[in-house]
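The values are calculated or read from the model by the stated rules, or taken from the named source; none is laboratory data. Note that the structure is a prediction, hence the values are computed from the model and not measured. Positions of Cβ are backbone-derived with ideal geometry, glycine not excepted, and every protein chain shown enters the neighbour counts. The protein model used for the area step is the full one, side chains on, heavy atoms only, and it has no ligands, DNA or RNA in it. Shrake-Rupley method; radii C 1.70, N 1.55, O 1.52, S 1.80 Å.
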Amino acid sequence: MPNLEHPAYPAADLLQLESLVPCRESQVSMLLSIFGERQQFSFPSIFIYGHTSSGKTYVMQTLLTTLQLPHVFVNCVEYFTSRLLLEEILTQLQSCSPGTEQTSPVHCDTLNDFVRLFKQALASQELQDQTLYIVLDRAEQLREMEANILPAFLRLQELTDRNVTVVLLSEIVWELFRPNTGCFEPFTMYFPDYSIGHLQKILSQNHPPEYSADFYAAYINILLGVFYMVCRDLKELRHLAVLNFAKYCEPVVRGEANERDTRKLWKNIEPHLKKAMQTVYLREISSSQWERLQHDGGEPGQLKGLSAHTHVELPYYSKFLLIAAYLASYNPVRTDKRFFLKHHGKIRKTNFMKKHEKTSNHLLGPKPFPLDRLLAILYSIVDNRVAPTANIFSQITSLVTLQLLSMVGQSDQLDGPRYKCTVSLDFIRAIAR
Amino acid sequence: GCFVFKPSTKKRRLSEKTAHDFRSTSCDSEDTELRFVTYQSLWNQIKFETEQIQEDLNKQLLDNLVSFLSRSHSDFHEKTTKWTCRMKFREIPTAALVLGVNVTDHDLTFRSLSDVLQDNITPYVALLEAKDCPGIKNLMQKLMGQLMNCDIEVDSMEDEDCVQVSRNGIRCSMPSLISWYESVTKKTDSETPSKKRNSSSRHWQSPPVVVIFKDMESFTTKVLQDFIVISSQHISELPLVLIFGIATSPMIIHRLLPHSVSSLLCIELFQSLSCKEHLSTIIDKLLLTSRFPFKLGEKVLQVLINIFLYHDFSVQNFVKGFQLCIVEHFYSQPLSVLCCHLVDIKKRVYSLSHDQCENIRRLPSFRRYVEKQESGKQIELLTNDSFLKEETQKLLEDLHAYHENYVSVLRCLHVFTSSLPKYPLGKQIRELHCACLENRVWETEEYESSLQLARMLNKTDLLTMLQQCVEILMSSSGKEFDKAVEKLKEFLTQFQNLEEASQEQDVSVSSQKELQKKTDLYHLQKTLLELKESRRSKKLTKFEMLRFEVVDYIDRLVRKYLVPADNRTLHEIVYFNAATVLRGHLNAAPRTALHTALNNPHWYLKNQALKCDGGCISNKAPDICIVYKLHLECGRLINLVDWLEAFSTVVTAAEEPNADAASSDQVDDIIHARFIRAVSELELLGFIKPSKQKTDHVARLTWGGC
């Protein structure tokens, strides 16, 4: 691994940085060489992408803070309108100048204002001789704002004529960003996923003070063996590691095994971790419930997960409406006569099933149907006479609000509304019982 | 929520115009004012009672939630350096509250929930509804508005800058929310101790901010996701707790949120009481009690229960329907003035006017009663008002006594029937109640079969049931049950005495079995047949005898006390029986009404000229009716030209019976205009719409081309 070297920054800082960003040394040194020295102009915009939890945000943040580079860090999900975003950047800019006076609320509606205010803010500070970094996390949100926001950020250096670099962080590739009017191409950089070795290294780094590093590393090894197949999210893995560590230590605490007895410890923890994968990881039961269970030594089976409660109690006619909707959604119209009429005539045996219909309707998904068809099927499947009362109609609407049916197309009631049934066969079976 | 239902308008109208409205339709001698006052006091009692029941039922759920909330952020301000706390990812505590599909009832639950929270946990509770939050921006605005307003409400002594800030429309973003939270919590910390007492004794240093999503299903995925992502980033600065109100099943969380988002939450499940149980309690406490003088007739009760079970599962609507019954009863029945508590009856009976006495004499049940009396008394009853009043008072007191006994005996019977296999008389007491109200329950087949089954109960069951019956009868206020209680207790002791005897018999039976064991199949069959023969002729054991006696006794009680209310004299005063009126109000049929209006205008217009039989179309009917009837004969697509021709034929038919051919070729301009107007009216009503398939055709939208 190359040690981080850069003439512009003190070696101690670089060393500290290196210890803070394990397994990302090459990316950091690359960034450093792009940034150059403090006063040098850098690339106008840098686009960094990589999968969830590949350390984009963390690396940028540690890099900028350890080297004490002037920067503004904004999450675009949080500032969901362009106005909020721009104002937030300006506010942070005010506060990062050394001699801060009382910050006044900034008002900035358009990018034009932003460029003007931005210049003012920079002029008033001693930031002119340093590159200012604006980091926009979750940059994919920028696409949903006004069309001029993204191109303008990409060439902010040129627009403001100041020493500024915009860094965009995102989970998707640059090709999905490019506006069709064309724009300045940023320097793109990819953060690859952590490999299992990386994960092992990073997770073992923070071991609890009561236990040795080796002991914890062995635990992490077991944990990764179970969870690596389903989850590579560092945050999630760390969370799971903490949740289950107490259980792992149990034999040691009770004195049944010592820290080196890996096999015994493995036997103890493995089924437990598997259970955790089926419950906590899927958020079937919450982590606090899991911890309490562990603490009391109870079986996880006692606590029913979220998906155990699938049964929905519905009023009598709502049930029939839903069943009718299901039938209307998954049966072709032609078969209605055959299924729901008493005297439907002869069924032609040959050629009845055309070739394309052999693929199951369940694979094709629900089809929309008009209200009248729903009611016609309802009348034929309910034994006694059903009056088309307001209550029946309002039940259809309430099924739509409960997301059991969904309305297709325009919602004009006069124009013959069409619906789709969105529930699964299992659900219908449970209801029809 | 879309279980449309608005009976409250009637109530509002009544309370606004008060008794004036009652009076305007009926003459003053019928005590309208008093009836209205009686109605109001009765309704207030019932309302109070239902609210009480609701509160009791929700208590468990709310307690659980409160303990969850108080646990959720207990470590918020401890800056722990413990390894586990440092390493663990901080999730947002979330309560998934499954409330059932009766969306109309949720409001009340949420209201009581937020009240409880504000009393016990935190002043910062925000209630969000999906319809207010189409985007994350609106959600934040709504959230901040509610939180900051609630702050102003809590300490109204606050200096003005807080108010100004919220008025000026500050930026709706998380940081401003956080800074607001910090300032608010700091303020309560730094306040003078005297002022601090009242606030911090209820809430702690940093009360959590509770955000309730009322209807989780209707929120769009994106809004929820964004909000959760944003707030999870600030969870260490703002102790947020989410509550999801779920109407269907908790699976909806996984359907709405991807794993990356749901992994930010720490979800715990809470389930409210099922609405059916809620209804049972309501019926038990409101209807099966002698506390309220007003009663529902069988058909009316059936209508209300059917609406509940078949349509909406809404207890709120059931109570509203019940209220409508009360209003209707007091409004339409002049004698309902006597529908009051026992203590007031005497006074009210004696202050009845002559007209009211005549009203009593007109009651069918009273006339039946009169017919049974001897002639001298008959004349007295029909002519002498004061004698009538005396008699009425006595009858009403009888009716009250009947109710008290009825309820107790009904409960006893329910104890027996509810444990029988297959529940011939229904599992719920409400079904039994309906059966008893409908007709003489002992004449029904179900009763017969349930008695049969009861005669086969085993001893332990029978004993517990008898015990329960004794308790029910003891607790009832009726005076006539002393004997019954004694009798039942006697049965109990007899059963206990049986103990030894039955043990002896067991021995003999087992020895008999021993004998049979060593025989081949043929012999076994033979012995079994013999055994059957002998058993048929054999005398019943003591236990069986006693069991028969018990069942017979219960039967006698039923026959004596569970007489249907229709048979009681003066039942019209306290029973509301107008089921058709109620159905018309609560279960409207707009399609049917529209069809009737257009197909048979005479029904609503009451014009003799419009009266016609079945198929023919009268030309005197309104244009739209003619057009409607003609369009019923068409298929899915209607040719406008043909339609117009048919219309003009119908309209001109009677006017000039011997019209010449030339005029019929050219359609009159006025008729043409009338036709177009009628057609566009039909379009407005949603029966037809212009079709794109053929230019001069329109498409039918209803009962498509049948």
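Total residues in the stretch B:232-264 satisfying the condition of being part of a loop (DSSP other than H, G, I, E, B) and either more than 12 Å from chain A (Cβ to nearest Cβ) or of a type in the set (K, R) (or both): the figure is 5.
If the condition is being touching a residue at least 40 places away in the same chain (Cβ under 8 Å) and open to solvent by 30 Å² or more (accessible area, probe 1.4 Å), then the stretch A:261-280 contributes A:T262, A:W266, A:E270, A:K274, A:M277. Checking each residue in the stretch B:416-451 for being assigned to a helix (DSSP H, G or I) and over 24 Å from the mean Cα position of the chain (by Cα) picks out B:F416, B:T417, B:V441, B:W442, B:E443, B:E445, B:E446, B:Y447, B:E448, B:S449, B:S450, B:L451. If the condition is being open to solvent by 10 Å² or more (accessible area, probe 1.4 Å) and among the polar types (S, T, N, Q), then the stretch A:131-150 contributes A:Q141, A:N148. In this structure, does B:S408 turn out to be among the small types (G, A, S), crowded, with 20+ Cβ neighbours inside 10 Å, at pLDDT 85 or above and part of a helix (DSSP H, G or I)? Yes; evaluated as a whole, the condition is true for this residue. Residue pairs whose Cβ atoms lie under 8 Å apart, separated by 6 or more positions or on different chains, with the first residue in the stretch B:636-651 and open to solvent by 30 Å² or more (accessible area, probe 1.4 Å) and the second part of a helix (DSSP H, G or I), are B:L640/B:V679; B:A646/B:L630; B:T649/B:S664. Residues considered: A:L85, A:L31, A:L69, A:L4. Of these, the only one that is modelled with pLDDT of 85 or more, in contact with a helix residue (DSSP H, G or I) (Cβ under 9 Å, 6 or more places away or on another chain) and assigned to a loop (DSSP other than H, G, I, E, B) is A:L69. Listed here are the helices (runs of 4 or more DSSP H) enclosed by the stretch B:550-607 that have at least 1 residues being of a type in the set (A, V, I, L, M, F, W, C), open to solvent by 20 Å² or more (accessible area, probe 1.4 Å) and free of Cβ contacts under 8 Å to residues at least 60 places away in the same chain: B:590-599, B:602-605.
Applying the criterion of at least 2 residues that are over 34 Å from the mean Cα position of the chain (by Cα), modelled with pLDDT of 80 or more and within 12 Å of another protein chain (Cβ to nearest Cβ) to the helices (runs of 4 or more DSSP H) found wholly in the stretch A:309-365 leaves A:316-330. For the stretch A:170-192, the set of residues classified as at pLDDT 90 or above and of a type in the set (G, A, S) consists of A:S170 only. Scanning the stretch A:404-433 for residues that are facing another protein chain (nearest Cβ under 9 Å) and at pLDDT below 85 returns A:Q413, A:L414, A:D415, A:G416. Which members of the stretch A:366-389 meet the condition of being open to solvent by less than 40 Å² (accessible area, probe 1.4 Å) and within 11 Å of chain B (Cβ to nearest Cβ)? Result: A:L371, A:R373, A:L375, A:V382, A:V386, A:P388, A:T389.
Answer yes or no as to whether A:P300 is in contact with a helix residue (DSSP H, G or I) (Cβ under 7 Å, 6 or more places away or on another chain), modelled with pLDDT of 80 or more, surrounded by 16 or more Cβ atoms within 10 Å (Cβ to Cβ) and of a type outside the set (D, E). No; evaluated as a whole, the condition is false for this residue. With respect to the conditions (1) part of a helix (DSSP H, G or I); (2) at pLDDT below 70; (3) not charged (D, E, K, R), A:L273 falls short on a single one, namely (2). Using beta carbons and a limit of 6 Å, which pairs, at least six apart or on different chains, have the first residue in the stretch A:244-257 and part of a loop (DSSP other than H, G, I, E, B) and the second one surrounded by fewer than 17 Cβ atoms within 10 Å (Cβ to Cβ)? Short answer, once both residue conditions are applied: A:A257/A:K264. Against the conditions (1) open to solvent by less than 10 Å² (accessible area, probe 1.4 Å); (2) among the aliphatic types (A, V, I, L, M); (3) modelled with pLDDT under 85, A:L63 satisfies every one except (3). Scanning for something open to solvent by less than 70 Å² (accessible area, probe 1.4 Å) and closer than 24 Å to B:T281 by Cβ, does the stretch B:446-461 turn up at least one residue? No, the stretch B:446-461 contains no residue that is open to solvent by less than 70 Å² (accessible area, probe 1.4 Å) and closer than 24 Å to B:T281 by Cβ. Tallying residues that are open to solvent by less than 20 Å² (accessible area, probe 1.4 Å) and either among the polar types (S, T, N, Q) or touching a helix residue (DSSP H, G or I) at 6+ places or on another chain (Cβ under 6 Å) (or both) within the stretch B:99-112 yields 4. Residues in the stretch B:452-486 that are polar (S, T, N, Q) and not in a loop (DSSP other than H, G, I, E, B): B:Q452, B:T460, B:T464, B:Q467, B:Q468, B:S475. Residue-level check: of (1) in the same structural domain as A:Q403 (by the TED database); (2) closer than 17 Å to A:G225 by Cα, A:K274 misses just (1). Selection over the stretch A:220-243 of residues that are more than 10 Å from chain B (Cβ to nearest Cβ), buried (at least 19 other Cβ atoms within 10 Å of the Cβ) and not in a helix (DSSP H, G or I) gives a count of 1.
Residues in the stretch B:230-263 that are among the aliphatic types (A, V, I, L, M) and open to solvent by 20 Å² or more (accessible area, probe 1.4 Å): B:M251 only.
Selection of the stretch B:253-276 for residues being within 18 Å of the chain's Cα centre (by Cα) and free of Cβ contacts under 8 Å to residues at least 24 places away in the same chain yields an empty set.
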